[in-house]
Structure formats: C-alpha cells, structure tokens
Amino acid sequence: MSTSAAVLDVSATALPIFSLVGKKAFVTGASRGIGRACALTLAAAGADVAIASSPAGVPLAEEVRDQIRALGRRSEAYAGDVGARGGVELMCARVLADFQEVDILVNNAGVVRDGLFRKMDRAAWDEVINTNLNSVFDITQRFIEGMAARKWGRVINISSIVGRIGNFGQANYAAAKAGLIGLTKTLAREYARKGVTVNAIAPGFIKTRMLDGVPDRALQSVVDTTPVGRLGEPMEIGASVLYLASPAASFVTGHVLDVNGGMSM
C-alpha cells in the first residue's frame, strides 16, 4: 500500500455535525403542532429561536418561548397575521431588531379552509393562498439576502403530502403546498452558490390540530392506507427540520423530504 493511500482521509470519516450553537432561527406558526416541535428541536440543538404565531395563539406561543428559555437559549414570541403583507413587514422588522440576523428560517404557518371546488368561494381560496404561500414569499425575501451575504443559511418550507398528490376538498391547500415545492426548487438553484440551502418537507398526516375536525372513520382510513400503520408525530417533523438545518445537510438543496409513513412513495 502506498504512503498516500494509507493516510487517513479525515474529511471522509469525520462525524456529521448537528449542533446549531451560535445559530439564530425563526419559525412561523410555532405556537403548537409541527411549528412548536420545530422550534423546540432547533433550540435543543443549540439555536436561539424567534417564534411567530397568530394573535389568537399568543398564550401558547409564550409557553413555547418559555420552554426554549428553560433550555438556556434566547427566544422571543411575535404575533401577527402572516397572510397580511403589512403584518409580515412589521413582524420581520421586529425579529431583525431583536436578533440582528436569521440563519435558519422555517416557513410553517398555515391554515385550511376546506370545501369542494365547485362550492369554494374566492375568500376561502385567497385566505389559504395568502397564508400558506404568499407569506413564504414575503418572509423569505426579508431574510434570505442576509443569509447569502454571510454565505450560510437554511430555508426550510413545510409543504404537505397534499401538495404532492392532491386531496379531495382541498384545492386551495393543495395549490399552496404544491406552489411551495416549486418555490423551494427555484430558490435552491438561485442561492446554491451563495451558501444557502433551500429545502421542503412534505409531512403526511400528523397528529395536530388540523386533524381535529376529521371524522374517526376518515382517520382510520388514513391509518389503514399508511404502510407504517399510524399517524405521524410532530417531533418527527421537528427531527427532519433539524437535519436539514444542520451543517450535516450542507450538500442537500432543492429537495422535498417526504415524511409520511410510506403513504406516498
């Protein structure tokens, strides 16, 4: 064996880094469910975390903020309607004033206004598109250039299995979540050489408030058609966000990570 071949290649054998110490994250829709899990997971990995919620979610958001502070990380809670552009501008300005920069952006905020397409009115369409898609444009545009200037950043968009395969009675939601995937892939190409990765996660059916109104028979049908035989847990999405946010995922961009128990492959 040659001397060069015997030399240990440290770069090839180094352990992956999942620590986020020194990083600052911003998670929207973080008062409960998937957003809460993402915020707590990022904080547990060492990040300071700004969290956003709707005005109605303030008490729960403050509980999440306090949990993050108990982990020894900095956290602040912000309330606003991400579907209203003026509210987004004010919220993002406050985040930057308090944290100076954002390294990791998790666009999670979302709503559902379900109904058959033939009965869906424009208000239900607009509310879902504004909250689930337009807000991602507005918020990302305010932070991604700073990431590029610092040559490091992570944008993670929470899409949905519904954006992949569609769903009965969810034309507005499916359109918004599919739009997130297209936006993700485009931004990934535009910012890849600037040190910023842009990825999406497409959760399947997760145990969150969005399933509260789903009849038991329908939920059982979902479980029956999911190969692992159960609904997902919010922290399983949080773990996926941690991976994509970490230095270990620096070669992953433009990807849609399906976390759905095998329901769609």
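Report, in whole Å, the centroid distance computed from the Cα atoms of the stretch 38-81 and the stretch 159-236.
22 Å
Mind checking the log10 I(q)/I(0) for the chain at q = 0.16 Å⁻¹? Debye, one equal scatterer per Cα, no solvent, two decimals.
-1.22
Most exposed first by the Cβ proxy, i.e. fewest other Cβ within 10 Å, how do V106, V111, V162, V82 rank?
Ascending Cβ contact count within 10 Å gives the list V111, V162, V82, V106.
Go ahead and run the numbers for FRET between L15 and D126, Cβ-Cβ distance against an R0 of 41 Å, rounding to 0.05. Intermediate results must be reported in sequence, preceding the final value.
Details: r = 48 Å, r/R0 = 1.16.
For R0 = 41 Å, the calculated efficiency reads 0.30.
How far apart, in nm, are two points set 7 Å out from the Cα along the Cα-to-Cβ line at F117 and at F251?
Placing both labels 7 Å along Cα→Cβ, they lie 4.1 nm apart.
In nm, give the distance between the simple-model label positions of L231 and I165, each being 7 Å from the Cα along the Cα-to-Cβ direction.
1.8 nm
No solvent, one uniform scatterer per C-alpha: report log10 I(q)/I(0) for the stretch 97-178 via the Debye equation at q = 0.17, 0.21, 0.22 1/Å, two decimals.
-0.70, -0.90, -0.95
Can you list the lysines whose alpha carbon is less than 26 Å from that of K177, not counting same-chain residues fewer than 8 positions off?
K24, K119, K185, K194, K207
What does the highest-first list of 217-228, 45-56, 142-153 look like by mean Cβ count within 10 Å?
So the order, starting with the most tightly packed, is 45-56, 142-153, 217-228.
How large is log10 of I(q)/I(0) for the stretch 154-265 at q = 0.11 Å⁻¹ when the intensity is taken from the Debye formula with one equal scatterer per alpha-carbon?
Log10 I(q)/I(0), no solvent term: -0.37.
Bear in mind that the values in this text are calculations on the coordinates, not laboratory data. These figures come from a predicted structure and were not determined experimentally. Here Cβ is always computed from backbone atoms with ideal geometry, including for glycine, and neighbour counts include all displayed protein chains.
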